[in-house]
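Visitor: Have a look at this one before I ask anything.
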Amino acid sequence: MVLRVGWLRILAVPVIFAAATFLLWFLFINRPPLKSGVAPDLHFPKSVADLRVLAEVSSAYQRDHYGYVLLLFSAAYIYKQTFAIPGSALLNLLGGALLGCWPLGLPLCCLLTATGASNCFLLSRLAGRELVMRRFSSQIHRLRQKLGESEQQMFVFLVSLRVFPMTPNWLLNLASPLLNIPLPMFFLSVLVGLVPYNLVCVQAGEVLSDVQSLDDVLTPRRLLALLTLALIMFSLSHFTRKAKGKAASRLD
């Protein structure tokens with residue numbers, strides 16, 4: 001019976017994916033036409049050059065249908081994040097090109113990132129938790145200990161992982177429910193931890209004509225700044241854990 005329930009949960013994932021894909025497709029095919037009567041070519045950007053053309057088309061379309069563009073952008077962003085589909089950096093650039101950085105572009109991209117990542121978290125908890133815990137319970141337990149015993153230590157560690165530019169965020173989204181990380185804490189860690197990265201991308205999107213590739217977005221200087229910030233937060237988490245350990249040993 002337990003095995004049957006596990007398989008039902010796994011089979012639920014492609015059903016959810018199909019339903020989400022249909023809803024996004026339905027939203028796309030029902031896009032309102034321009035005043036000229038021609039519906040624009042809106043799609044997921046595949047490169048910076050493709051993004052530049054898409055941003056020009058979307059900007060013209062946005063003047064007639066601002067609410068629809070905002071809705072479609074949000075739906076596409078959450079869709080990519082939910083199913084761990086690569087390309088969020090290009091959508092951040094598009095967000096900057098369409099909405100600017102303040103007051104809407106950056107806050108919206110951060111909120112969409114956290115929402116989509118939380119959906120991915122829930123899918124992983126739905127389909128993978130029981131199977132992975134059954135086979136790798138000892139390894140998961142050790143990882144859980146490294147996160148820290150208190151919620152404050154865990155939160156700082158999670159935020160520092162998000163700030164670190166080399167962290168595979170999709171993998172962290174999938175692994176977090178297996179580490180017994182509470183969903184509200186996970187959501188906030190993504191919301192806060194990816195602010196620096198999203199800020200870099202959205203600001204670059206505001207001057208999209210100057211961006212030739214993603215290498216122009218994450219320049220060595222910006223990467224160094226993100227690495228420095230992540231190391232500071234890692235150190236804060238480490239020394240906080242050590243200080244609490246010493247205090248506990250003194251009490252004993």
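The values are calculated or read from the model by the stated rules, or taken from the named source; none is laboratory data. Owing to the predicted nature of the structure, the values given are computational and were not obtained by experimental measurement. Cβ atoms come from the backbone with ideal geometry, glycine included; neighbour counts cover every protein chain shown.
Visitor: Looking only at region 210-234, which residues are free of Cβ contacts under 8 Å to residues at least 60 places away in the same chain and not in a helix (DSSP H, G or I)?
Guide: Those that are free of Cβ contacts under 8 Å to residues at least 60 places away in the same chain and not in a helix (DSSP H, G or I): 218, 219.
Visitor: Residue by residue through region 80-114, note down the ones that are farther than 19 Å from residue 55 by Cβ and crowded, with 18+ Cβ neighbours inside 10 Å.
Guide: The answer is 81, 82, 84, 110, 113, 114.
Visitor: Of the conditions (1) modelled with pLDDT under 90; (2) part of a helix (DSSP H, G or I); (3) of a type in the set (A, V, I, L, M), residue 19 fails just one. Which one is it?
Guide: It is condition (1) that residue 19 fails.
Visitor: Something else now. Among the residues that make up region 35-45, is at least one of them among the small types (Gly, Ala, Ser), farther than 18 Å from residue 202 by Cα and either within 14 Å of the chain's Cα centre (by Cα) or modelled with pLDDT of 95 or more (or both)?
Guide: Within region 35-45, none of the residues are among the small types (Gly, Ala, Ser), farther than 18 Å from residue 202 by Cα and either within 14 Å of the chain's Cα centre (by Cα) or modelled with pLDDT of 95 or more (or both).
Visitor: Mind listing whichever residues of region 87-106 are touching a residue at least 12 places away in the same chain (Cβ under 8 Å) and outside any helix (DSSP H, G or I)?
Guide: 87, 100, 101
Visitor: So, in region 172-221, how many residues would count as being surrounded by fewer than 18 Cβ atoms within 10 Å (Cβ to Cβ) and aromatic (Phe, Trp, Tyr)?
Guide: Residues flagged as surrounded by fewer than 18 Cβ atoms within 10 Å (Cβ to Cβ) and aromatic (Phe, Trp, Tyr) within region 172-221 amount to 1.
Visitor: I'd like the residue in region 179-209 that is of a type in the set (S, T, N, Q) and either touching a strand residue (DSSP E or B) at 6+ places or on another chain (Cβ under 7 Å) or free of Cβ contacts under 8 Å to residues at least 60 places away in the same chain (or both) and, out of all such residues, is nearest to residue 56 (Cα to Cα).
Guide: Looking at the filtered set, the residue picked out is 189.
Visitor: Still on this structure, please answer the following. What's the total number of residues in region 36-51 that are in contact with a helix residue (DSSP H, G or I) (Cβ under 6 Å, 6 or more places away or on another chain) and either assigned to a helix (DSSP H, G or I) or exposed (fewer than 15 other Cβ atoms within 10 Å of the Cβ) (or both)?
Guide: 1
Visitor: Check 109, 120 and return the single one that is within 16 Å of the chain's Cα centre (by Cα), part of a helix (DSSP H, G or I), of a type in the set (A, V, I, L, M, F, W, C) and closer than 25 Å to residue 10 by Cα.
Guide: 120
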